[in-house]
Amino acid sequence: MEKLEVLGANTLNGQVRISGSKNASLPILAATLLSDKKIELRNLPKVKDIETMLLLLKSLDTKIKYLKNNKSVLIENNKKNKTFVSYSLVKTMRAGILVLGPLLARYSKAKVSLPGGCAIGTRPIDIHLKALSKLGVRYKIAQGYVYANAPKGLVGAKIKFPKISVGATENLIIAASLAKGQTILSNCAIEPEIKDMVNFLNKMGCKIKWIGKRTVKILGVKNLDEVNYKIMPDRIEAGTYLIAAALTKGKIEILGINPKIIRTEIDILKKIGAKIKLKKNHITIQGNKKIKNINIKTAPYPGFPTDLQAQMMVLLCKADSRSVISEKIFENRFMHVSELNRMGAKIKIKSNKAIIEGNTKFEGAELMATDLRASVSLILAALTSKSKSRINRIYHLDRGYEQIEIKLKKIGAKIKRLS
Ligand code: UD1
């Protein structure tokens, strides 16, 4: 099994170009199932979750072809796709559930495996299913599968989500795009990736309009057009490299991302002491000698993202005094804490709060990655340590970070992949 070896304690300096967003690509790939016209997607990141989603689409009889030195993908659906998604394709990647909406919209039936258990919490799909039932979907759950059909096709409705969910908002917007009549969804998630998916759908001929901060109106359409679309950059990847700069007190230029979509993260890093300069699609960060403590809560966008919580925790281990992070999105997203404590951190968990003592000197260790963002937090901690770290189970990392060791090496990290 592959491992990463990291020898740290050097400052990171240089430029990092941000890849396409994984979390925008996944719903956009699912949404391609709405159409049988040609779809060209540019800037898909080369990460495992995207490969898995492409395999999933192939298993439904979608034709997929890489174009132009693998930089863009041509997607063509049949007039008739399969509507069955097996467990083997959803077990490692929860976003597989996002094909439920488009399959129901186009074929009025689908059998999709329930997503596999996930280390960061139970992650149910009840909000997706209840909302789809308001569009006319009937479903039952048996033997680990959702069996769903819409005897009269999907019909538009007014739906208020009981809780903000990224996936449920995406699934419903996609499903409603071909439903009869008008759908109004309120209490939606408004992550930039959702806005990107809506831009893609509208470019393909859907009629979707934001009519309030968390309210969207969708007029169902019958026909869609060919489309060529460039996926937005990955704001979580950008946030991770910003934190790497602050942590190693280096100077990094982040290229290819509009700073407006990570304003919350930038404000927090400034409060901690980092010096940040912004231009359109360009961020320069200079880490400060002294890292100030801060208390942070994760929250739906525009709040601080749960997907950067583990990375920020590493940075706060280096702060001049105690900080607290409250995790408000997932109930069990502190698995990185025990590994960080093994490296010398002093972090205590009290229900959904992590109390982080500052002034940590991380020591290298043999480490185990447990989920995507936890893995990257271990790399960050290892980057500050004089002794060697080996990080096992890095397949988690490969799910979401494109060429991480190559990008880190380019800015001065001593990191290599061992197989
Ligand atoms: C997406 C992101 C993930 C990010 C998360 C929160 C993708 C592919 N994944 O995941 O990286 O960490 O948003 O920003 O974009 N919930 C329910 N019932 C449901 C659905 C969700 O109870 O039917 C709960 C979840 O358990 C969680 C919360 O709602 O506690 C938010 O989850 P959600 O926003 O749906 O996350 P995902 O779409 O799975």
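Here are the numbers for the structure shown:
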quantity	calculated
Accessible surface, per residue, of the range 236-331 when the full set of protein chains is kept, probe 1.4 Å, Å²	39
Tail weight of P(r) past 20 Å, computed on alpha-carbon pairs of the range 284-347, percent	29
Over the range 1-146 - Rg/Rh using Cα atoms and the Kirkwood inverse-distance radius	1.04
Cα gyration tensor, the range 90-197 - rounded (a/c under 1.5), prolate or oblate	oblate
Rounded percent of accessible protein surface that carbon and sulfur make up, the chain, 1.4 Å probe	51
Estimated FRET transfer efficiency when R0 is 45 angstrom, pair K346-S133 (beta carbons, to 0.05)	0.40
Per residue solvent-accessible surface (Å²) - the range 22-230, probe of 1.4 Å	43
The chain - mean residue ellipticity at 222 nm from DSSP helices (-39,500 (n - 2.57) per run, n ≥ 4, rounded to 500)	-8500 deg cm²/dmol
Sequence-distant residues sharing a close amide H with A189 (under 5 Å, placed H)	S165, T169
Hydrodynamic radius by Kirkwood, which averages 1/r over all alpha carbon pairs of the chain, in angstrom	22.0
Low-density loop positions, trypsin sites (Lys or Arg not before Pro), the range 6-91 - DSSP coil, at most 12 other Cβ in 10 Å	K68, K71, K79, K80
Mean-position separation - Cα centroids, the range 235-253 and the range 265-297, in angstrom	9
Percentage relative contact order, the chain, counting C-alpha pairs under 8 Å, at least six apart	21
Cβ charges +1 (Lys, Arg) and -1 (Asp, Glu), total dipole of the chain, debye	700
Heavy-atom accessible area order for K275, K280, largest first, 1.4 Å probe	K280, K275
For the range 149-302: relative contact order, % (alpha-carbon pairs under 8 angstrom, 6 or more apart)	18
Length gained when the stretch K82-E363 is fully extended (0.36 nm per residue, less Cα-Cα span)	96.0 nm
Shape category assigned to the range 22-230 from the gyration tensor of Cα positions, a/c cut at 1.5	rounded
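The values are calculated or read from the model by the stated rules, or taken from the named source; none is laboratory data. The shown structure was predicted, so the numbers you read here are calculated from the model rather than taken from an experiment. Don't worry about glycine lacking a Cβ; one is built from the backbone with ideal geometry, like all the others, and counts go over all protein chains shown. Heads up: the accessible areas ignore ligands, DNA and RNA and are worked out on the full protein's heavy atoms, side chains in. Shrake-Rupley method; radii C 1.70, N 1.55, O 1.52, S 1.80 Å.
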